[in-house]
Amino acid sequence: MLQIIGAGPAGLAAAITLARAGRGVVVHEAAAEVGSRFQGDHQGLENWTTERGILDDFREYGLTCDFARMPCRDGVAFDAWGNRYEFHSESPLLYTIERGPGPGTVDSALLAQARDLGVEVRVNSRVRRVEGPAILATGPRAADAIAVGFHFETSMPDGWWVICDDDLAPQGYAYVLVTNGRGTVKSCMFSGFKREAEYVARTVERFQNLVGLEMRNPQP
């Protein structure tokens, strides 16, 4: 029986691949629910790097696409001086997806597929030592980058906005994603982690000024 430590997308994808190949798999997740770290968070599933779409990659690797998503063909970017750049693509630049343990999320879809294939997923299972073959899928000990901010309810239209400005996100970018009345605003920074609260506050204020960011019931 092969052990996988971590039930994020990487761990579940590995479990699905192994189960499809006929291997017995047990996945250990330290949290009480798979995906709880990203409860209600909206993220972008990038689709512009190659000519073939990311969903085609999912299907080739045998991974489910049975999760809610919104294709984003139009977006708005701002530079550090507030100049606005609108862009459009015939094919989706990204898909807005939701993370977390709820219905329609990527995490729930991969979890359901893994269990349908006979994978045993154990929550509240913190592994101290592994005997036999194992895959460590818990992520790095220290982050190279962090994305911090809020998810919220809103009456804003669906959309995707991004700002490249070190005053908001050192060496990174800040963004807002809105889908069906729910949104996420984040500062994705590659340095300055100790000042994250300051950068998030600046990010919220800048998006309020530039695009009329409106948040109800914001949650970190």
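Scan region 91-126 for residues that are under 14 Å from R20 (Cα atoms) and either charged (D, E, K, R) or outside any helix (DSSP H, G or I) (or both) and report the count.
6
Give region 127-137 a look and list any residue that's out of contact with any helix residue (DSSP H, G or I) (no Cβ under 8 Å at 6 or more places or on another chain) and surrounded by 12 or more Cβ atoms within 10 Å (Cβ to Cβ), or say none.
V127, V130, A134, L136
In region 74-85, is there at least one residue being closer than 25 Å to T17 by Cα and not assigned by TED's automatic domain parsing to the domain that holds G22?
no
Given the conditions (1) of a type outside the set (F, W, Y); (2) free of Cβ contacts under 8 Å to residues at least 40 places away in the same chain; (3) assigned by TED's automatic domain parsing to the domain that holds H151, and given that R23 satisfies all but one, which numbered condition is not satisfied?
So R23 meets the others, but not (3).
Which of the residues belonging to region 166-175 are in contact (Cβ under 8 Å) with a residue 60 or more places away in the chain and surrounded by 19 or more Cβ atoms within 10 Å (Cβ to Cβ)?
Listed by number, the list holds a single entry, Y175.
Could you list, in sequence order, all residues of region 141-153 that are touching a Gly at 6+ places or on another chain (Cβ under 7 Å), surrounded by fewer than 20 Cβ atoms within 10 Å (Cβ to Cβ) and of a type outside the set (A, V, I, L, M)?
Matches in region 141-153: E153 only.
Within region 68-126, track down each residue that is among the β-branched types (V, I, T) and either free of Cβ contacts under 8 Å to residues at least 12 places away in the same chain or surrounded by fewer than 19 Cβ atoms within 10 Å (Cβ to Cβ) (or both).
Within region 68-126, V76, V123 qualify.
Would you be able to say whether some residue in region 101-111 is touching a strand residue (DSSP E or B) at 6+ places or on another chain (Cβ under 7 Å) and on the phi > 0 side of the Ramachandran plot?
Yes, because at least one residue in region 101-111 is touching a strand residue (DSSP E or B) at 6+ places or on another chain (Cβ under 7 Å) and on the phi > 0 side of the Ramachandran plot.
With respect to G8, determine if the residue is over 24 Å from G159 (Cα atoms) and buried (at least 19 other Cβ atoms within 10 Å of the Cβ).
When the stated conditions are applied, G8 passes them.
Write out, first by first residue and then by second, each pair whose Cβ atoms fall under 6 Å of each other, whose residues are 6+ apart or on separate chains, and whose first residue, in region 178-207, is buried (at least 18 other Cβ atoms within 10 Å of the Cβ) and assigned to a helix (DSSP H, G or I) while the second is at pLDDT 95 or above and of a type outside the set (A, V, I, L, M).
Note: pairs meeting the criteria are Y199/S187; V200/G149; V200/S187; T203/S187.
The values are calculated or read from the model by the stated rules, or taken from the named source; none is laboratory data. For clarity, every value in this text was computed on a predicted model and none was experimentally measured. Cβ sites come from the backbone with ideal geometry, for glycine too, and all protein chains shown count toward neighbours.
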